[in-house]
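First the structure, in the form of C-alpha cells, and then the observations on it.
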Amino acid sequence: MYAARDISFFIGSKAILDSASVEVAPGKVVAIVGPNGAGKSTLLKVLAGEQRAGFAGSVMLDGTDLQSWDAVSLARKRAVLPQSVVVAFPFLSREIVALGLPQYFSRAEGGKLIARALKAVDLLHFSERVYETLSGGERQRVQLARVLVQLWANGGKGYLLLDEPTSALDLPHQLATLRIARQHADAGGGVLAILHDINLAAMAADEIVAMRDGRVIASGPPVEVVTDGLIQALYGVAARVRGVPDGPFLLPQTVIS
Ligand code: ADP
Ligand code: MG
C-alpha cells in the first residue's frame with residue numbers, strides 16, 4: 001500500500017495542498033483528475049518523495065514512513081514519470097530508457113529489458129534515434145519505457161506514478177498507455193496517474209480522486225464519483241454525464257451553455 005495522508009503544503013501563505021489524501025493498493029489503477037493548478041503534480045511529488053520537506057502529513061509505503069526509505073530502496077519500489085522532462089544531451093532513445101536500470105545490471109540483461117519496454121510503447125524501431133529528434137508524444141512514450149524498465153528490473157511490481165502520461169499522445173497510444181497501466185496492476189503493481197480526460201480516467205481507473213484548490217473533493221469508483229455535480233464543482237462547467245453499462249462518460253456536446 002502506498003498512501004499520502006492529510007498532506008498540507010504551503011508556498012508563502014497559499015495552500016497548494018490542503019489536507020489531501022490519496023492511496024494506491026497493489027492491483028489498482030487510481031486516477032487523479034482536476035483543473036490546472038489544483039495541486040495534482042505537487043501531491044504526486046510528495047508521494048514520490050521528491051518533495052521531502054515543508055509539508056504536513058505523512059506518506060507511507062508498505063507500512064513504513066517514506067522518510068525512512070533510502071533512495072535506492074525507493075527506486076526499486078516506485079518509478080516516477082514527471083509531467084515534463086528536459087534532456088540536455090543528445091542521448092539515444094535506448095539510453096534514456098537505460099537510465100531506469102540499476103547499475104549492477106549486465107549489458108545483455110539490460111538490453112533485453114530495454115527492448116521489451118520500447119516494444120511495449122511501440123518504439124522499438126526508434127531505439128537508436130536521438131531522443132530530441134522524436135515528437136512530443138514519442139518522447140513521452142520513451143519516458144514511459146524508462147519507468148517501466150525501472151520497475152521490471154526490480155521484480156516488475158512496485159508503483160508507477162505517472163503525471164499526465166497521455167497528454168501528448170494520439171488516441172491509440174493513449175489507450176495503449178492505459179493498457180500498460182492495467183497490465184502493471186494485474187501483475188501485482190499499483191498505478192497512480194494524473195489524467196485530464198475524464199472519459200479515459202473513468203474507463204481506465206478503479207478509483208478516481210478529484211482535486212481542486214489543493215483539496216480532494218471526491219474519491220471513489222468512477223461510477224460513483226463522475227457526476228454532473230462533480231464536473232460543476234471541479235471545473236465550473238455544467239455538463240451532463242451519461243452512463244453506459246461499463247461506466248459514466250461525458251460528451252462535449254452535453255455541456256449546457
Ligand atoms: P496541477 O498539477 O494540479 O496543475 P501543481 O501541483 O503543479 O498543479 O501546482 C499547484 C499550484 O501550486 C499552482 O497554482 C502552481 O502555480 C503552484 N506552485 C507549484 N509550485 C510552485 C512554486 N515552486 N512556487 C510557486 N507556486 C507554485
Ligand atoms: Mg500538473
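The values are calculated or read from the model by the stated rules, or taken from the named source; none is laboratory data. Being a predicted model, the structure only gives us computed values, none of them experimental. Note that we place each Cβ from the backbone using ideal geometry, even for glycine, and neighbour counts take in every protein chain shown. Ligands, DNA and RNA are excluded from the accessible area calculation, which covers all protein heavy atoms including side chains. Shrake-Rupley method; radii C 1.70, N 1.55, O 1.52, S 1.80 Å.
At a Förster radius of 30 Å, what calculated FRET efficiency corresponds to the Cβ-Cβ distance of Gln253 and Ser167, to the nearest 0.05? With a Förster radius of 30 Å, E is 0.85. How many angstrom lie between the Cα centre of the stretch 37-75 and the Cα centre of the stretch 146-181? Computed from Cα coordinates, the inter-centre distance equals 20 Å.
Among rounded, prolate and oblate, which fits the stretch 199-249 when a ≥ b ≥ c are the square roots of the eigenvalues of its C-alpha gyration tensor, a/c under 1.5 means rounded, and a/b larger than b/c means prolate? Oblate, since a/c reaches 1.5 and b/c is not below a/b.
Restricting attention to the chain, lysine pairs at least eight places apart or on different chains and with alpha-carbon atoms under 22 angstrom apart total 13. Residues in the stretch 94-161 average 48 Å² of solvent-accessible surface per residue, probe 1.4 Å, ligands and nucleic acids excluded. Surface exposure of the stretch 45-92, expressed per residue as accessible area with a 1.4 Å probe, stands at 55 Å². Classification of the stretch 58-167 by its C-alpha gyration tensor yields a prolate form. The axis ratio a/c (a ≥ b ≥ c) is 1.5 or more, and a/b outweighs b/c. First measure r as the distance between the Cβ atoms of Thr133 and Ser106, then evaluate 1/(1 + (r/R0)^6) with R0 = 30 Å and state the FRET efficiency to the nearest 0.05. My answer for the efficiency is 0.55.
What FRET efficiency do you get for Thr64 and His125 if R0 is 30 Å and r is their Cβ-Cβ distance, rounded to the nearest 0.05?
Once rounded, the FRET efficiency stands at 0.10.
Shown are Ser41, Ser135, Ser68, Ser93, whose ranking by accessible area with a 1.4 Å probe and every protein chain present, most to least, is Ser68, Ser135, Ser41, Ser93. For the chain, the C-alpha radius of gyration divided by 2.2 N^0.38 Å, with N the number of residues, is 1.01. Annotation: amide H of Ala193 within the under-5 Å range of Val30, Ala31, Ile32, Leu162, sequence separation 5 or more or interchain, hydrogens built in the peptide plane. Measuring with a 1.4 angstrom probe and ignoring ligands and nucleic acids, Met60 comes out at about 50 Å² accessible. For a modelled paramagnetic label at Ala56, 7 Å from Cα along Cα-to-Cβ, the residues of the stretch 9-25 in reach, with backbone nitrogen under 15 Å, are 9-21.
Considering only DSSP states other than H, G, I, E and B, which GluC sites (Glu not before Pro) in the stretch 126-232 qualify as loop sites with at most 12 other Cβ atoms within 10 Å? Each step should come with its number before you reach the end.
Working: sites: Glu128, Glu132, Glu138, Glu207, Glu224; in loops: Glu128.
Here the sparse-neighbourhood loop sites are Glu128.
Hydrodynamic radius of the stretch 1-79 by the Kirkwood approach over all distinct alpha-carbon pairs: 13.0 Å. Among His125, His196, the sequence by solvent-accessible area, most first, with a 1.4 Å probe is His125, His196. The portion of the accessible surface of the chain made up by carbon and sulfur, rounded to a whole percent, is 54 (1.4 Å probe; DNA, RNA and ligands excluded).
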